[in-house]
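Trainee: Structure in structure tokens, see below.
Nothing in this text is a laboratory measurement; each read-out follows from the coordinates by a stated rule. As the structure is a prediction and not an experimental result, all values here were calculated from the model. Note that each Cβ is placed from the backbone with ideal geometry, even for glycine, and that neighbours are counted across all protein chains shown.
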Amino acid sequence: MAELADTITFLGTGGARFMVSSQFLGSGGAWLSLGDVQILMDPGPGSLVHAVQRGFSPSRLDAILLSHRHLDHSGDINVMIEAMTDGGRKARGTVFAPADALDHDPVILSYLRSYPEKIEVLMEGGEYSVKDVCFTTPVRHEHQAETYGFVFSTPRHTFSWITDTGYFDALAGCYEGELLIINVLMVEPRPSIGHLALPEAKRVIEQVAPRMAIITHFGMTMWRAKPWELARELSEQTGVPVIAARDGMTFDLSRLDSR
């Protein structure tokens, strides 16, 4: 019997409006294969196409996880709910989303809400599970929409994903694990934007001190600055190996076991 593995495939690594409208980098979110649990996270525009092109079957999804309602994270959520449930003919899976993605001016269409087995509302300090995978939403982020990051635990690994947020002092203390994934939109801080910049990501990586870190969700300034080179510099500065995600990259968490 094959040993279960935990992998993360980045269907897209672009963030912000220009990246989404140009598709200079993809905006399809990430596919988490955690043992026999399949979770799609933040299915932005193009998620369905990128997933199928990379050999994933949406009908095998156990859950769709939405950090917040902005289009670069939610653009394909309705079509992915349809695909997960075979057009509503097979009730399956759970959709996790903040309340404001469901209530006023919702991004999840009303007629689709009976298709999954259930919909669970994310909230600060929440604890959730999909089979043997557990995750928490430790703190509400500082962003224009209700937004949460995640701390995932599988029987084999623990990892965190800091999604869109402005920097605040308590941020790093809310996240833990062997692997830290951070959405880093900008090279230089712009507090009014509500996204992390490179120096803030450096501070978080130093404070969390994971075995490895991955940066993703790049805006144009990050891309022009060559994120793979920025990741190398972060590695040297923090002492933590840092990788810049690429569209289609699959990271196997077993790489953490030897560190």
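Trainee: Taking the dipole about the Cα centre of the chain, with the C-beta of Lys and Arg at +1 and of Asp and Glu at -1, give me whichever of T7, H104, P210 is farthest to the positive side.
Mentor: Final value for the positive-end residue is T7.
Trainee: Moving to a separate point now. With a ≥ b ≥ c taken as the square roots of the eigenvalues of the C-alpha gyration tensor of region 215-259, please select rounded if a/c is under 1.5 and otherwise prolate if a/b is larger than b/c or oblate if it is not?
Mentor: oblate
Trainee: Let me ask something additional. In degrees between 0 and 90, to the nearest 10, how far off the longest principal axis of the chain does helix 227-238 point, with axes built from Cα atoms?
Mentor: Value to nearest ten degrees: 60.
Trainee: Say we join alpha carbon atoms closer than 10 Å with springs in a Gaussian network model of the chain; which of F152, F135, F168 then has the biggest fluctuation?
Mentor: F168
Trainee: If each residue's Cβ is checked for other Cβ atoms within 10 Å, how do Y175, Y128, Y111 rank with the fewest at the top?
Mentor: Y111, Y128, Y175
Trainee: Another question, then. Using 0.36 nm per residue of separation minus the Cα-Cα distance, give me the extension gain between E236 and R54 in nm, one decimal.
Mentor: Difference between extended and current length: 62.3 nm.
Trainee: If you don't mind, there's one more thing I want to ask. For region 1-138, what does the alpha-carbon gyration tensor say about shape, rounded, prolate or oblate, given a ≥ b ≥ c as the root eigenvalues, a/c under 1.5 as rounded, and a/b over b/c as prolate?
Mentor: Note, shape of region 1-138 comes out rounded.
Trainee: Separate question: Filter the GluC sites (Glu not before Pro) in region 130-227 to those in DSSP coil with at most 11 other Cβ atoms within 10 Å of their Cβ, and list the result.
Mentor: Counting only loop positions with at most 11 other Cβ atoms within 10 Å, none of the GluC sites (Glu not before Pro) in region 130-227 qualifies.
Trainee: Rounded to the nearest 10 degrees, what's the angle between the helix 198-208 long axis and the longest principal axis of the chain, both from Cα atoms, 0 to 90?
Mentor: 80
Trainee: Additional query: Which of the aspartates and glutamates could be linked to K131 by a straight reach, that is with a Cα gap under 13 Å, when you skip same-chain ones fewer than 8 residues away?
Mentor: Within the straight-line cut-off, K131 pairs with D36, D62.
Trainee: Continuing with this model, one more query. For region 191-259 and region 1-51, compute the distance between their C-alpha centroids and round to whole Å.
Mentor: Result: 17 Å between the Cα centres.
Trainee: Continuing with the same structure: If you place +1 on the Cβ of every Lys and Arg and -1 on the Cβ of every Asp and Glu, how big does the dipole about the Cα centre of region 6-247 come out, in debye to the nearest 20?
Mentor: Roughly 580 debye, rounded to the nearest 20.
Trainee: If each DSSP helix of 4+ residues adds -39,500 (n - 2.57) and the sum is divided by the residues in the chain, what number results at 222 nm, nearest 500 deg cm²/dmol?
Mentor: Calculated mean residue ellipticity at 222 nm is -5500 deg cm²/dmol.
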